[in-house]
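S.K.: The structure's right below; bear with me while I get my questions together.
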Amino acid sequence: MGTIEALLRGTAEPEPEAEAAPPAPAPAPGPAPAPAVTLRGLQPGDLGWVVQQHGEIYAKEYNWDVRFEALVADIVGGFVKNYDASRERVWIAEVGGERVGSVFLVQGSTPATAKLRLLILGPGARGLGLGGRLVDEAIAFARSAGYDKVELWTHSCLLSARRIYAKRGFVLTSSEVYDGFGCTGLVGEFYELDLGASKEK
C-alpha cells in the first residue's frame with residue numbers, strides 16, 4: 001500500500017532501468033572490390049590524352065623534352081588523317097573508369113605489315129598485366145585484319161615494354177644509336193613479329 005500511495009502522491013522512487021545490452025561489434029570490413037579494368041575503343045578526348053601522357057611520362061621518367069611530345073602529336077594526327085577502320089584501331093585501357101593506357105595498331109611499311117605504336121601505361125596502372133593485354137589485343141586484330149607481320153620501334157631503356165614484346169615473339173631486327181629529344185646516346189630498336197610463326201607456336 002505504501003508504494004501505491006507514494007505513486008499517487010508522485011513521490012515513489014523510480015525503478016532502475018534494465019541495462020541495455022552492449023552493441024554487437026561491427027563486422028570487420030572486407031577487402032575493397034578491385035576497380036573494373038576495361039579495354040575500349042577510341043572516344044573524343046582520347047587522342048589529346050595520349051599525347052599528354054607521352055609528353056609528361058617520358059619527361060618525368062626519361063628526361064625527354066617536348067620534341068618527343070611533338071612527335072607523338074604528329075603520329076596521332078597522321079592516324080586521324082589516314083584512318084582505315086578495317087585495318088587500324090586504337091585501344092584505351094581504363095581502371096575504375098579512368099584512362100590509364102593506350103596502344104595503336106596502324107598499317108606499316110607495306111600493306112601486309114602492321115605497326116604497333118604508342119603503347120603507354122601510367123605509373124599507377126603498371127603491374128596489372130594491362131600492357132600485355134593491350135599488345136595481345138593489337139596482335140589479335142592484326143591477324144584478323146589479314147596482316148602477315150607486325151613491326152614496332154622502341155628504345156633499349158624501355159625495359160618493361162621490351163619484355164612484353166619478347167614474350168610475344170617479337171624479334172629484334174636492327175638498332176641505332178642517335179641523339180634526340182634532348183638526350184644523347186639513345187638506342188632505338190626495331191622489332192618484328194611474324195604472325196604466321198607466332199600462330200604456329
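S.K.: Ser109 fails exactly one of the following numbered conditions: (1) modelled with pLDDT of 95 or more; (2) more than 29 Å from Lys60 (Cβ to Cβ). What is the number of that condition?
M.R.: So Ser109 meets the others, but not (1).
S.K.: Out of Leu118, Leu105, Leu172, I need the residue that is surrounded by 12 or more Cβ atoms within 10 Å (Cβ to Cβ), part of a strand (DSSP E or B) and touching a His at 6+ places or on another chain (Cβ under 8 Å). Which one?
M.R.: It is Leu118.
S.K.: Given the condition touching a residue at least 12 places away in the same chain (Cβ under 8 Å), within 18 Å of Ile139 (Cβ to Cβ) and of a type outside the set (Phe, Trp, Tyr), answer yes or no: does some residue in segment 92-99 qualify?
M.R.: Yes, some residue in segment 92-99 is touching a residue at least 12 places away in the same chain (Cβ under 8 Å), within 18 Å of Ile139 (Cβ to Cβ) and of a type outside the set (Phe, Trp, Tyr).
S.K.: Looking at (1) closer than 25 Å to Leu42 by Cα; (2) part of a loop (DSSP other than H, G, I, E, B), find the lone condition where Cys157 falls short.
M.R.: (1)
S.K.: Would you call Gly108 small (Gly, Ala, Ser) and either closer than 16 Å to Asn82 by Cα or in contact with a Lys or Arg (Cβ under 6 Å, 6 or more places away or on another chain) (or both)?
M.R.: Here the answer is yes, as Gly108 does meet what is asked.
S.K.: Restricting to segment 122-152, give me the number of residues that are closer than 17 Å to Ile57 by Cβ and either aliphatic (A, V, I, L, M) or surrounded by 13 or more Cβ atoms within 10 Å (Cβ to Cβ) (or both).
M.R.: 7
S.K.: So, one more: For residues that are aromatic (Phe, Trp, Tyr) and free of Cβ contacts under 8 Å to residues at least 60 places away in the same chain, scanning just segment 162-181, find the one that is nearest to Ile120 (Cα to Cα).
M.R.: Tyr165
S.K.: Let me ask something else about it. Can you tell me which residue is surrounded by the fewest Cβ atoms within 10 Å (Cβ to Cβ) among those in segment 40-63 that are without any contact (Cβ under 8 Å) to a residue 12 or more places away in the chain and under 23 Å from Ala85 (Cβ atoms)?
M.R.: Checking each candidate, the answer is Pro44.
The values are calculated or read from the model by the stated rules, or taken from the named source; none is laboratory data. Keep in mind that what you see is a predicted model, and the values were worked out from it rather than measured. Note that each Cβ is placed from the backbone with ideal geometry, even for glycine, and that neighbours are counted across all protein chains shown.
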